[in-house]
Ligand code: SAM
């Protein structure tokens, strides 16, 4: 009982915790509401009541990688593949701007069709709409990241997934944890706002390992942390794993807010896939960003990283207004402008 109060007070005061305190918070289900309330207070104090909306464009589900957890992995022969053309992506971004989004997020599998030249063409044309551009297209060489930055890209998302290197190498065959970390370092050097994050509830993952993840994200001084539950996809080797750790994901996200009070933290789509109110619950436990999907209906369902994506089948405008209503109903406001990371001196 007293330990919870003591740990939360320390976190609120110093925004720094020992690993054992983080493990305690992650494992304390009975008092999780106190943790969520503390994260909500810190969120309000540091980033305010605005919820920033990012228009998410999932432009290709073709991927050269074979991550065991992912529904668009190379070896999933049941996935129906698609790829939007550069001008189609630009047109969707223009629509997103018209709907009122201040940021467009371009996400895809690692699809080699999109050369640095094609990406630079896409980014520079989207920048003409006066929106922030976030890319989430995987591991690239420094020079490629530089080409996107030179074309005007503002932010880049690449989750470290887990800092347990053995687990990473088991789940991401053919990939290297060190190289993924190097991507984060290079993106920072190039002046991007850098987003990273993890999945929670991976097979073999422990609370100790999640605590290491949070400490890593803080040490890397990231600008955005996406934390979502692992949800098993039926057409992957992890189909029969448990996953779906909704509450543990919320606790992880709330601890992240305590440790990094001024960063942007999305209420992830995966949370909404497990609970119809998942994103709204997350917004009240430390999150301040939502990424509504603006991809056309026919492709959204095909970008199936995991089953149960919310609102699949609805129009993007309808989805946006539904989300706005829910945000206003909990007393929050819709963010204006780019909604980037504003650093606060601690
Ligand atoms: N290819 C890019 C990359 O690797 O960063 C971006 C796309 S990738 C599919 C986006 C994120 O989806 C991954 O970083 C991973 O955390 C998440 N993801 C994939 N499969 C998932 C699953 N079964 N459950 C929850 N999240 C998943």
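Table for the structure above
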{"quantity": "Output for the range 174-191, where each listed residue is assigned to a loop (DSSP other than H, G, I, E, B) and away from the ligand (no atom under 14 Å from the Cβ)", "calculated": "190, 191"}
{"quantity": "Flag if residue 3 is touching a helix residue (DSSP H, G or I) at 6+ places or on another chain (Cβ under 9 Å) and modelled with pLDDT of 95 or more", "calculated": "yes"}
{"quantity": "Residues being assigned to a loop (DSSP other than H, G, I, E, B) and in contact with a strand residue (DSSP E or B) (Cβ under 7 Å, 6 or more places away or on another chain) - total across the range 83-94", "calculated": "1"}
{"quantity": "Counted residues, the range 152-163 - those being away from the ligand (no atom under 14 Å from the Cβ) and either farther than 12 Å from residue 187 by Cα or without any contact (Cβ under 8 Å) to a residue 24 or more places away in the chain (or both)", "calculated": "1"}
{"quantity": "Selected residue (criterion: farthest from the chain's Cα centre (by Cα)) from residues of the range 241-274 that are more than 13 Å from the ligand (Cβ to nearest atom) and farther than 19 Å from residue 212 by Cα", "calculated": "262"}
{"quantity": "Candidates 203, 229, filtered to the one that is over 28 Å from residue 344 (Cβ atoms) and surrounded by fewer than 24 Cβ atoms within 10 Å (Cβ to Cβ)", "calculated": "203"}
{"quantity": "Count of residues meeting criterion [more than 22 Å from the chain's Cα centre (by Cα) and either surrounded by fewer than 17 Cβ atoms within 10 Å (Cβ to Cβ) or touching a residue at least 60 places away in the same chain (Cβ under 8 Å) (or both)] in the range 104-120", "calculated": "5"}
{"quantity": "Selected residue (criterion: nearest to the ligand (Cβ to nearest atom)) from residues of the range 137-151 that are free of Cβ contacts under 8 Å to residues at least 40 places away in the same chain and in contact with a strand residue (DSSP E or B) (Cβ under 8 Å, 6 or more places away or on another chain)", "calculated": "137"}
{"quantity": "Options 99, 121, 113, 69: the member that is in contact with a helix residue (DSSP H, G or I) (Cβ under 7 Å, 6 or more places away or on another chain) and within 15 Å of the ligand (Cβ to nearest atom)", "calculated": "69"}
{"quantity": "Search result, residues across the range 33-60 that are over 30 Å from residue 102 (Cα atoms), surrounded by fewer than 19 Cβ atoms within 10 Å (Cβ to Cβ) and touching a residue at least 12 places away in the same chain (Cβ under 8 Å)", "calculated": "34"}
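The values are calculated or read from the model by the stated rules, or taken from the named source; none is laboratory data. Just so you know, these numbers come straight off a predicted model, no measurement behind them. Because the Cβ atoms are built from the backbone with ideal geometry, glycine has one as well, and the counts that use them run over all protein chains shown.
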